[in-house]
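These notes are about the structure you will find just below.
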Amino acid sequence: MKLTRNTLMVAALTTISFASSAGNQAAIKSFDAKTLPITERSQVITNKQLALMEEFNELAQARTSAVGVFKSGKVQQLQQLGEQTLVEANKFVEEYQVFLSQLPETSTCYAPENVTEYQRMIAELTEANSALSQTALSVGDDEVGATMALLNMQMHAGKISALVQMFQLVEVCYMTDAMGLTKADVERQRAEQNN
């Protein structure tokens with residue numbers, strides 16, 4: 001009788017685990033389908049930003065002047081691309097929140113702390129992006145100031161690009177989730193590896 005009860009308990013837990021895993025896989029599929037267009041559009045925008053930054057570098061080298069970059073009017077283009085990226089980032093976060101709401105808290109993909117971090121980064125980058133046009137106006141003919149502003153713009157473009165790349169890290173949990181591992185399992189494995 002005891003063996004049968006244990007066998008039934010294991011079978012029930014396995015069924016629950018499989019059902020949970022199947023539910024997680026459905027949520028993953030839906031999330032991927034909804035975020036793929038967002039990711040693709042973001043990548044196109046990122047590529048345009050990189051091309052624009054390359055133009056900035058060429059302008060600065062050709063004129064041997066960073067001031068020329070700010071007089072070219074291309075800073076506004078960079079700002080517009082940043083705005084577009086941030087719009088896509090907000091859409092991604094919205095979909096990510098829906099995805100998280102469909103997962104059990106034991107899922108390795110359940111990481112609501114990421115939403116807070118993404119929102120913080122988006123707010124920070126939105127503020128920095130808004131300041132680009134003011135920076136362009138304030139440079140004037142100050143070559144040293146223009147060089148510093150150009151470096152800051154390059155860092156800003158890099159951070160926006162990194163934000164897009166971070167969204168792709170969400171998928172790292174898919175494999176452990178598909179294996180049926182829980183957060184507790186993953187944490188236990190990490191602890192064992194660290195000892």
Residues of region 63-90 satisfying the condition of being over 13 Å from residue 139 (Cβ atoms) and more than 30 Å from the chain's Cα centre (by Cα): 63, 64
The one condition in (1) within 30 Å of residue 175 (Cα to Cα); (2) not in a loop (DSSP other than H, G, I, E, B) that residue 104 fails to fulfil: (2)
Filter result for residue 75 (in a helix (DSSP H, G or I), open to solvent by less than 80 Å² (accessible area, probe 1.4 Å) and in contact (Cβ under 8 Å) with a residue 40 or more places away in the chain): yes
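With respect to residue 42, is the statement that it is open to solvent by less than 70 Å² (accessible area, probe 1.4 Å), in a helix (DSSP H, G or I) and out of contact with any helix residue (DSSP H, G or I) (no Cβ under 6 Å at 6 or more places or on another chain) true?
Details: open to solvent by less than 70 Å² (accessible area, probe 1.4 Å): yes; in a helix (DSSP H, G or I): yes; out of contact with any helix residue (DSSP H, G or I) (no Cβ under 6 Å at 6 or more places or on another chain): no.
So residue 42 does not fit the description; no.
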Any pair with Cβ under 8 angstrom, 6 or more apart, that starts in region 134-154 at a residue that is under 13 Å from residue 71 (Cα atoms) and open to solvent by less than 40 Å² (accessible area, probe 1.4 Å) and ends at one that is in a loop (DSSP other than H, G, I, E, B) and of a type in the set (Ser, Thr, Tyr): 146/65
Subset of region 110-129 (residues that are in contact (Cβ under 8 Å) with a residue 24 or more places away in the chain and either among the hydroxyl-bearing types (Ser, Thr, Tyr) or within 30 Å of residue 180 (Cβ to Cβ) (or both)): 110, 111, 114, 118, 126
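Could you check how many residues of region 45-72 are under 21 Å from residue 144 (Cβ atoms) and either in contact (Cβ under 8 Å) with a residue 24 or more places away in the chain or open to solvent by 90 Å² or more (accessible area, probe 1.4 Å) (or both)? Break it down into steps so the answer makes sense when it comes.
To start, the set of residues in region 45-72 that are under 21 Å from residue 144 (Cβ atoms) comprises 53, 56-72.
Narrowing further to those that are either in contact (Cβ under 8 Å) with a residue 24 or more places away in the chain or open to solvent by 90 Å² or more (accessible area, probe 1.4 Å) (or both): 53, 56, 58, 60-61, 63-67, 69-71.
Number satisfying all stated conditions: 13.
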Test: residue in region 155-175 that is farther than 20 Å from residue 43 by Cβ and among the acidic types (Asp, Glu): no
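Anything in region 93-129 that is hydroxyl-bearing (Ser, Thr, Tyr) and surrounded by fewer than 19 Cβ atoms within 10 Å (Cβ to Cβ)? List them, or say none. Working first, answer last.
Initially, region 93-129 is screened for residues hydroxyl-bearing (Ser, Thr, Tyr), giving 96, 101, 106-108, 110, 116, 118, 126.
Selection gives 101, 106, 116, 126.
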Number of the condition not met by residue 141 [criteria: (1) in contact with a helix residue (DSSP H, G or I) (Cβ under 7 Å, 6 or more places away or on another chain); (2) at positive phi]: (2)
Filtered residue count, region 153-182, keeping only those that are out of contact with any strand residue (DSSP E or B) (no Cβ under 7 Å at 6 or more places or on another chain), under 25 Å from residue 99 (Cβ atoms) and assigned to a helix (DSSP H, G or I): 19
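The values are calculated or read from the model by the stated rules, or taken from the named source; none is laboratory data. Everything quoted here is computed from the prediction, not taken from an experiment. Cβ: placed from backbone, ideal geometry, glycine included. Neighbour counts: every protein chain shown. The area values use the complete protein model at the heavy-atom level, side chains included, leaving out ligands, DNA and RNA. Shrake-Rupley method; radii C 1.70, N 1.55, O 1.52, S 1.80 Å.
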